[in-house]
Amino acid sequence: MIEAWVIGTLARTLAYGTPLLLGTLGEIYSERSGVVNLGVEGMMIMGAISAFATAFTTGNPWLGILVAAIAGGLAALVHAFASITLRANQVVSGLALTMLGLGLSGLFGKGFEGKPLDSTISNVTVPLLKDIPYLGKILFIDQNPIVYISIVLTPILSYILFKTSIGITIRSVGENPAAADSAGINVWKVRYACVLLGGVLAGIAGGYLSIAYRPAWTQGMTGGMGWLVIALTIFASWKPGRGLVGAYIFGALIHLSYRLQPFVAPQLLKMMPYAFAILALVALAIGPGKQKSEEPNSLMEPYVRGEK
Amino acid sequence: MQEYLPFEITERPNPSGFVIITVSLLALLSAFLVASFVFWAYGTNPITAYTALFDGAFGGVYELSETIRRAIPLLLAGVGLVIAFKAQFWNIGAEGQLLLGTIAATWVALFSPVPEPLMVPAMFFFGFLAGSLWALVPAVLKSKLGINDVITTLMMNYIAINLVLFLVQGPWKGEHQWGFPYSDNFPAAAQLGTLGTTNVHWLTLVIGLVAAGLIYVLINRTTPGYEIRVLGSNPSAGRFAGMSYVKTSIMVMFISGGMAGMAGVGEIAGIHHMLRNPSELSLGYGYTAIIVAWLARKNPLAVILTAFFFGAIFAGGDALKVSLGLPFQITDVFNGLILFFLIGSEILMNYKFEWRRSP
């Protein structure tokens, strides 16, 4: 009984953790290049509505995910233009993006509210692997393909960031843009690319929410997940691998906030992920380790040639 | 690269008031221009929309009073945010601090032993205190442990929303509300008076105006205000001069959270008279107050003007919802666009662009 409960919880944890993971991977890249994007919530919700609208009208859910990626990317470019080219304050620009995303999605999503989506990305069960004891039931039965995509993406993005010259370029732009610039790196280009990637992944995360995880559109359906992503990025020390662990911990908390409702008031359960995010950051701050040193040095500072 | 541009860019260290106002107005105009494309894409004639928006905000005495009533919470919370932003403290949590004010007011009105004549002052006192305490958590976490203030203040918003929901659906659910998730109605002694038949709860408005003046004096004419400005613009210089970052953070967040808390008291005691769904108590005033404070260029007196402006956007947005059937998220679109253009245009304020004379 308990065994089945634990296995079921872990399996659903993957589903809840996936949008968080995708968002966190993107934000890690953006921040590694020196740009905080607090617009994750806005980019996610833009992804969610454009995916739903596309899948609903064309009947093709994968096209929906593609459009979600484009929508998230376009939204990210607005933030990139404001914060990189116009050197606007990154905190405020990100907030503006979130407001705009919530507003536009609410406006253009109104007609889609409450409509059922027939063409969804359905869950799959992997033959053979499903028979592995325990692990098979958790990982390989009734999971969404996007869950696997995000899992595969994690080591790839981690490898690129830490083991390739592209990764060194990104990290050096985030650590010391002036030095990177004098070494011939185009700081602006690198930052634009990283912010764009962040937007694309956040858009896909939103698309996953509206056409795979719960195939429906409700306004504000991201419900703070984008903000959890910002916390997770710090919690993960800007490392994709740790981002995966963190995303699943928070995925479990979100899942449990539904699962434990027979026992505890639902509103108190819903506080749990947010309270835990604060506690996790406190634990990081007072615990041993050198988290602080991982933070990109030039985070939140626009780069101006000739200064410093 | 700059040599190839047709104009020269030079820094403008202290932009004049004229430059600030001109650039801000241009930014607002541009935001409205882009918003008209949004209207058009939605299938609404932009001119019709703007006419309805303007009429809804300024078309008559009632419309104007609705604008003022929306401006009240924005004024209180916005003035509070100004002082936090001055100290470079990113308080994104006014929304939650405002809700804590509504909780405190409900406690005073329905569950406390406070005698009736003292109820109104007690509501504002405890509302301030509740908002402050909520804001002190991020203040202590940032100043003592270096934990990101944006995240903690935001997470506290979501906790506050669920706290209100818990109270109205659980222990504080009213016995006379036909099963709706409302608290019971406030007694008459806990309801704020309004001007005539309007919804303008004037006491809160007066508190907001006085607070704007007091905070202006605090920032510009006192020693703690000086420390706020120094630590906000150059933290290491401030620390070197022996100023306490912890003390200043706690002070600004105490005031900032308290002001938002009182904004919540005004909303619940002046308008709703009961605790109810957080999305009905605050229409995102805590978030809009961020733009209010930013547009005021962190000047507490200018907040009076900018709060009024965004009050008009809210009232006008309401009219758009009623007369043209546009969803209420249209105000979010305005808010987001305006904020983008405001920060995007700051470069015009801080730099001069001069056309090169042809050789």
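Derivation of every value follows stated rules applied to the coordinates shown; laboratory data play no part. For clarity, every value in this text was computed on a predicted model and none was experimentally measured. Please note: Cβ atoms are built from the backbone with ideal geometry, for glycine as well, and neighbour counts cover all protein chains shown.
For the range A:97-239, the convex hull spanned by the alpha carbon atoms encloses 155 Å³ per residue. Please determine, in degrees from 0 to 90 and to the nearest 10, the orientation of helix B:202-221 with respect to the longest principal axis defined by the Cα atoms of chain B, where the helix direction is its Cα long axis. Approximately 40 degrees, to the nearest 10.
Relative to the longest principal axis of the Cα atoms of chain B, helix B:17-42 runs at roughly 70 degrees.
Across every direction, the projection of the convex hull enclosing the Cα atoms of the range B:78-138 has a mean area of 4.3 nm². Computed over Cα pairs, the Kirkwood radius of the range B:252-334 leads via Stokes-Einstein (1.002 mPa s, 20 °C) to a diffusion coefficient of 153 µm² per second. Between the listed residues A:ILE230, A:ASN186, A:LEU201, the Cα displaced farthest toward the positive end of the dipole of chain A, a dipole computed from Cβ unit charges relative to the Cα centre, is found at A:ASN186. Mean sequence separation of contacting Cα pairs (under 8 Å, at least six apart), scaled by the length of chain A, corresponds to a relative contact order of 36 percent. Here the Debye sum runs over all C-alpha atoms of the range B:211-359 as equal scatterers in vacuum, and log10 of I(q)/I(0) at q = 0.15, 0.16 Å⁻¹ comes out as -0.98, -1.06. Using the Cβ-Cβ distance between A:TRP62 and B:ASN14 with R0 set to 56 Å, the FRET efficiency works out to roughly 0.55.
Of the candidates A:SER210, A:SER182, A:SER119, which one comes out as most mobile in a Gaussian network treatment of chain A with C-alpha springs shorter than 10 Å? Comparing A:SER210, A:SER182, A:SER119 in the GNM, the peak value goes to A:SER182.
Pairs exceeding a 21 Å alpha-carbon distance, out of B:LYS86/B:LYS144; A:LYS110/B:LYS321; A:LYS270/B:LYS142; B:LYS142/B:LYS247; A:LYS163/A:LYS239; A:LYS239/B:LYS86: A:LYS270/B:LYS142; A:LYS239/B:LYS86. Here is how the number arises for chain B: DSSP H runs of 4 or more residues each give -39500 (n - 2.57), the sum is divided by the residue count, and the result at 222 nm is -23000 deg cm²/dmol.
Suppose the chain between B:ASN220 and B:SER244 were pulled fully straight at 0.36 nm per residue; how much longer would it get relative to their current alpha carbon spacing?
Details: separation 24, 0.36 × 24 = 8.64 nm, distance 1.85 nm.
Gain on stretching B:ASN220 to B:SER244: 6.8 nm.
What helices does chain A hold that run 24 Å or longer along their axis, going by alpha-carbon atoms, with a Kyte-Doolittle average of 0.0 or more, using DSSP H for the helix calls?
A:2-32, A:40-58, A:61-80, A:90-108, A:145-163, A:187-208, A:240-259, A:266-286
Taken along the Cα-to-beta-carbon direction at a fixed 7 Å, the label points for A:ARG259 and B:VAL322 span 4.8 nm.
Residues of the range A:207-225 with the amide nitrogen closer than 12 Å to a label point 7 Å from the Cα of A:SER122, along Cα-to-Cβ, please. Taking a point 7 Å out along Cα→Cβ of A:SER122, no residue of the range A:207-225 has its backbone N under 12 Å. In plain terms, the residue of A:VAL195, A:VAL6, B:VAL120, B:VAL230 with the fewest other Cβ atoms within 10 Å comes first and the most crowded comes last, giving A:VAL6, B:VAL230, B:VAL120, A:VAL195.
One Cα centroid belongs to the range A:17-60, the other to the range B:241-260; the line between them spans 35 Å. For A:ASP131 and A:THR164, the FRET efficiency from 1/(1 + (r/R0)^6), where r spans their Cβ atoms and R0 equals 35 Å, is about 0.45.
Normalised Debye scattering of the range B:185-260 at q = 0.13, 0.25, 0.28 Å⁻¹ gives log10 I(q)/I(0) of -0.56, -1.15, -1.27, counting only Cα atoms as equal scatterers and leaving out solvent. By how many degrees, between 0 and 90 and to the nearest 10, does the Cα long axis of helix B:330-344 differ from the longest principal axis of chain B? Taking Cα atoms only, the helix is inclined about 40 degrees. Among B:THR102, A:THR120, B:THR204, B:THR222, the ranking by other beta carbons within 10 Å of each residue's beta carbon, starting with the fewest, stands as B:THR222, A:THR120, B:THR204, B:THR102.
All alpha carbon pair distances within the protein assembly as shown were sorted into 20 Å bins beginning at 0; the resulting P(r) in whole percents reads 18, 53, 27, 2, 0. Taking only the Cα atoms of chain A, the ratio Rg/Rh comes out at 0.98, with Rh defined as the Kirkwood radius.
Testing the spin-label approximation: label points 7 Å from Cα along Cα→Cβ at B:GLU280 and B:TRP40. State their distance in nm. Result for the modelled spin labels: 3.9 nm.
Across chain B, the fraction of Cα-Cα pairs farther apart than 28 Å, rounded to a whole number, is 48%. Computed from label points 7 Å out along Cα-Cβ, the spacing between A:LYS110 and A:LEU74 is 2.0 nm. Exposure proxy ranking for B:ARG69, A:ARG171, B:ARG229, based on other Cβ atoms within 10 angstrom of each Cβ and starting from the fewest, stands as B:ARG229, A:ARG171, B:ARG69.
Close amide H pairs (under 5 Å, H built 1.01 Å from N) link B:LEU326 with B:LYS321, residues at least 5 positions away or on another chain. Calculated mean residue ellipticity at 222 nm for chain A: -22500 deg cm²/dmol, from DSSP H runs with n ≥ 4 weighted as -39500 (n - 2.57), summed, divided by the residue count and rounded to 500. Close amide H contacts of B:LYS352 (hydrogens built in the peptide plane, cut-off under 5 Å, sequence separation of 5 or more or a different chain): B:THR10, B:GLU11, B:ARG12.
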